[in-house]
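The values are calculated or read from the model by the stated rules, or taken from the named source; none is laboratory data. On a predicted model such as this, the values are computed, not experimentally measured, just so you know. Here the Cβ positions follow ideal geometry from the backbone for every residue, glycine too, while neighbour counts run over all protein chains shown.
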Amino acid sequence: MSTEFEAPEGYHTTKVFTTVDCDHGPCIGHTFADGWVMYTYTDDLARVSFHHPDEEDEPCILKSYDVEIKATVRKTITVVAGNETSASEQAHEMFTVASDGELEHYEQDTLSIKEITHE
């Protein structure tokens, strides 16, 4: 394998994967035919990095987290009823969180984030 990254100008097909860089966050890796890897960073579109195939990247120590999310789903359900009370009862009976083709609106709030340890 070469010790310098050399590629002719033009288009290249790479093996693509996603990962998280310890220093720069989420990234997309592109492995070239000669083993070199280029990373592009989704949080910093101007940043790229190249890594030699024979050198180990520093391991990224990932942590586990429990994330509690409260979600609110809003839908408009059309019913035929004699009054508002009956309409409300019918709509509640018909309401589902399953995807049913009706327009849905979601709101999500993070209630808590707690790092968990595996002992």
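Is one or more of the residues making up segment 16-31 aromatic (Phe, Trp, Tyr), out of contact with any Ser or Thr (no Cβ under 6 Å at 6 or more places or on another chain) and over 23 Å from residue 63 (Cβ atoms)?
no
Results for (1) within 30 Å of residue 114 (Cβ to Cβ); (2) polar (S, T, N, Q); (3) at pLDDT below 90, shown as yes or no for each residue.
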| position | (1), (2), (3) |
| --- | --- |
| 25 | yes, no, yes |
| 28 | yes, no, no |
| 31 | no, yes, yes |
| 34 | no, no, yes |
| 86 | no, yes, no |
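Quick check on my filter: what residues within segment 92-112 are over 11 Å from residue 71 (Cα atoms), within 21 Å of the chain's Cα centre (by Cα) and either of a type in the set (Asp, Glu) or not assigned by TED's automatic domain parsing to the domain that holds residue 79 (or both)?
104, the sole residue that qualifies.
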